[in-house]
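Some notes on the structure that comes next.
The values are calculated or read from the model by the stated rules, or taken from the named source; none is laboratory data. These numbers were taken from a predicted model, which means no experiment stands behind them. Cβ sites come from the backbone with ideal geometry, for glycine too, and all protein chains shown count toward neighbours. Heavy atoms of the whole protein, side chains included, go into the accessibility calculation; ligands, DNA and RNA do not. Shrake-Rupley method; radii C 1.70, N 1.55, O 1.52, S 1.80 Å.
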Amino acid sequence: MHLISRGDTAALEKLIERHQTLVLGTVARMLGSNSEVDDIAQQVFVRVWKSAGRYVPRAKFTTWLLKITRNLVFNELRRSKRHAHVPMQMEPEAGDIPIKDEAVQTPDASLLEAELQQAIESAITELPDSQRMAVVLRRYEDLSYEQIAEVLDLSVPAVKSLLFRARTELRVRLAAYLKG
């Protein structure tokens, strides 16, 4: 960040390469809209560039980066509340695509698995913004309760409560799938 504050674009490029997957993944899971994901992610790194001179390492860099991401995502969610949007279908990364199907599933089982995954993604998308952000940070980014608390500006007990409410809501929405 010190190099970036002095205008070192190579340092900024290295920082973007290192953290773009985290930012893009978080934004995509929160917004569910392919058209804004790249724009919001780009805005995150523009803010990093502009704020580099004021950056003080009080916590992990990724926590600070996710706070910027959270603020921009929540702003976008508030702005777009008036407009209905269709959840984005996440394209699998190269590492997620099996080269060989080792657990040969029947077409029915494969279809049920895809349906369950879609139901989970849809249920997460329908959560309130703060609950959804907490679930995304915990489930997809594997952040600790303490890290999530820092990102969301909440206490650890508040994060645990937020996640409890989110999980309870997800159980209700996915009850049909959980019975079988």
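Okay, here's what the table says:
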| read-out | value |
| --- | --- |
| Failed item, numbered, when ALA59 is tested on (1) surrounded by 12 or more Cβ atoms within 10 Å (Cβ to Cβ); (2) modelled with pLDDT of 90 or more | (2) |
| Pair list, Cβ < 9 Å and 6+ apart or interchain, from segment 47-64 residues that are touching a residue at least 40 places away in the same chain (Cβ under 8 Å) and farther than 19 Å from LEU22 by Cβ to residues that are part of a loop (DSSP other than H, G, I, E, B) and open to solvent by 100 Å² or more (accessible area, probe 1.4 Å) | GLY53/ARG6 |
| Of all residues making up segment 15-41, the number that are free of Cβ contacts under 8 Å to residues at least 12 places away in the same chain and either in contact with a helix residue (DSSP H, G or I) (Cβ under 9 Å, 6 or more places away or on another chain) or buried (at least 16 other Cβ atoms within 10 Å of the Cβ) (or both) | 1 |
| ARG171 vs. criteria open to solvent by 70 Å² or more (accessible area, probe 1.4 Å), modelled with pLDDT under 95, under 20 Å from LYS67 (Cβ atoms) and assigned to a helix (DSSP H, G or I) | no |
| Cβ pairs under 8 Å, 6+ apart, first in segment 156-180 and without any contact (Cβ under 8 Å) to a residue 40 or more places away in the chain and within 14 Å of SER130 (Cα to Cα), second open to solvent by less than 50 Å² (accessible area, probe 1.4 Å) and assigned to a loop (DSSP other than H, G, I, E, B) | ALA166/LEU127 |
| In segment 129-145, the residues that are over 13 Å from LEU66 (Cβ atoms) and more than 10 Å from the chain's Cα centre (by Cα) | ASP129, SER130, GLN131, TYR145 |
